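First up is the structure itself, then whatever we jot down about it.
The values are calculated or read from the model by the stated rules, or taken from the named source; none is laboratory data. Everything quoted here is computed from the prediction, not taken from an experiment. All Cβ positions, even for glycine, are placed from backbone atoms using ideal geometry, and neighbour counts span all protein chains on display. Each accessible area value is taken on the protein alone, full model and side chains, heavy atoms only, with ligands, DNA and RNA left out. Shrake-Rupley method; radii C 1.70, N 1.55, O 1.52, S 1.80 Å.
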Amino acid sequence: IDEEITFVVVSGDGGDDIGMDQVIGAALRNDPFIMLEYDNKGYMNTGGQLCYTGFKGQRNPNAHVGPGQRGKLQHHKDIIDILRGTNAPYLFQAAESNARDMIEKARKAQATVRNGGFAFGKVFSVCPLNWGAEEAKGNEIVEKAVESCAHPLFEIEHGITTLNYDPEKRGKKIPVDEMFKTMGRAFSHMLKPDFADLLGEVQAEVDQRWARLKARAENPLL
C-alpha cells in the first residue's frame, strides 16, 4: 500500500473477553495498529449476558437478582492493568464527556502506530437498551462514571502513568451509587438496603483502584 493508513480495530468488552489471547499477543508483538474497546459492561450483541468488565452485583440474563442471587459475582476486569504487563507503548482510557482529552489520546495512539507500535484504548460506552436506562441519560451516565472514578481517565506511555483528570482535586468526585442511580434496572437493585454490603464492596474496589492509579501517576517506577 503506497499511502499511509492507520489501522484501527474496534471491539466491545465482550470481544476482549473472548479474544483476550489475541489482544495480549498483538500487544506482546507490538503490532502497529490501534485497538479500541467500547466498554458497555455486557455481551450486548447476544442479549446482554454478563461480561467480565461488568460491575460486581450487576444484573444480567445469566446473572440473576432474587432470593439467594445477587447478580454478577466478580469485580470488573481492568484490561489496561492486564496489558500494562505486556510493555505495550501506549495504553489509555477515555470518555466522550472529556472530548478534548479523547482527541489528544487518539492523536497519540496514531503517532504510536506510525512509529511502528501497538496502541490500546478503552472508552466507556452506555447501553440503555440492555441496562434499562433512559436514553436521554447517556451523557450524564458517562460523566458520572468518570467523576466516581469507576472509569478514570489516564494514559500509560512506555510504562509511565499519567492521570489526565482528577475529580478529587476539582471537588467533583462522587460515590458510585450516584452513577448507579442513572444506569437503569441492571443496577438499580444495588441502591436497596438489602444490597448495601454489595454496594460497599464495589465502592471499596473502585477506591482501591483509584488510590493505586494515583500512586502510579506520582511515582514513575510504579
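Computed over protein heavy atoms with a 1.4 Å probe, the accessible surface of segment 48-110 works out to 47 Å² per residue. For Lys172, a cut-off of 23 angstrom between C-alpha atoms picks up these lysines, skipping any fewer than 8 places away in its own chain: Lys105, Lys122, Lys137, Lys144, Lys181, Lys214. Taking a virtual spin label 7 Å from the Cα of Asn30 along the C-beta vector, which residues in segment 79-100 bring their backbone nitrogen under 18 Å of it? From segment 79-100, the list is 83-92. Estimated translational diffusion coefficient (Stokes-Einstein, Kirkwood radius over Cα pairs, 25 °C, 0.890 mPa s) of the chain: 136 µm² per second. Proximity of backbone amide H atoms, modeled 1.01 Å from N, is registered between Phe154 and Gln93, Asn164 at under 5 Å, excluding neighbours fewer than 5 places apart on the same chain. What the Cα atoms of segment 94-152 give is an Rg and a Dmax of 13.9, 43 Å. Say each of Lys172 and Leu129 gets a label point 7 Å from the Cα, pointing the same way as Cα to Cβ; how far apart are those two points in nm? Taking the two extended label points, one gets 3.0 nm. Rg and Dmax of segment 87-218, based on Cα coordinates, read 16.0, 53 Å. Peptides 29-36, 67-74, 175-182 ranked from most to least packed give 175-182, 29-36, 67-74, packing being the mean of other C-beta atoms within 10 angstrom over each peptide's residues.
Taking every protein chain into account, the 1.4 Å probe leaves Glu157 with about 70 Å² of accessible area, to the nearest ten. Across segment 54-94, Cα pairs under 8 Å and at least six residues apart give a relative contact order of 33 percent. For segment 1-52, the pair-distance distribution built from all alpha carbon pairs, in bins 5 Å wide starting at 0, is 5, 18, 24, 20, 14, 10, 5, 2, 1 percent.
Put simply, the convex hull of the Cα atoms in segment 36-163 casts, on average, a shadow of 8.7 nm².
Among beta bridges from DSSP that stay inside the chain, the antiparallel ones total about 40%. Split the accessible area of the chain by element, probe 1.4 Å, and carbon with sulfur accounts for 51%. Helical runs assigned H by DSSP (4 residues or longer) give the chain a calculated mean residue ellipticity at 222 nm of -10500 deg cm²/dmol, each run adding -39500 (n - 2.57) before division by the residue total. Scoring 82-89, 193-200 by mean Cβ neighbours within 10 Å over their residues and listing the highest first yields 82-89, 193-200. Toward the positive end of the charge dipole of the chain, about the Cα centre and with charges on Cβ (Lys, Arg +1; Asp, Glu -1), which of Ala26, Ile80, Ile103 goes farthest? It is Ile80.
Taking a probe of 1.4 Å, how large is the accessible area per residue of segment 123-222, in Å²?
50 Å²
The length gained by stretching the chain between Ala136 and Asn87 to full extension, at 0.36 nm per residue less their Cα-Cα distance, is 13.7 nm.
Taking 0.36 nm per residue of separation and subtracting the current Cα-Cα distance, fully stretching the chain between Thr46 and Ala111 would add 19.9 nm. Over the chain, Cα pairs under 8 Å with separation of 6+ residues give a relative contact order of 19 percent.
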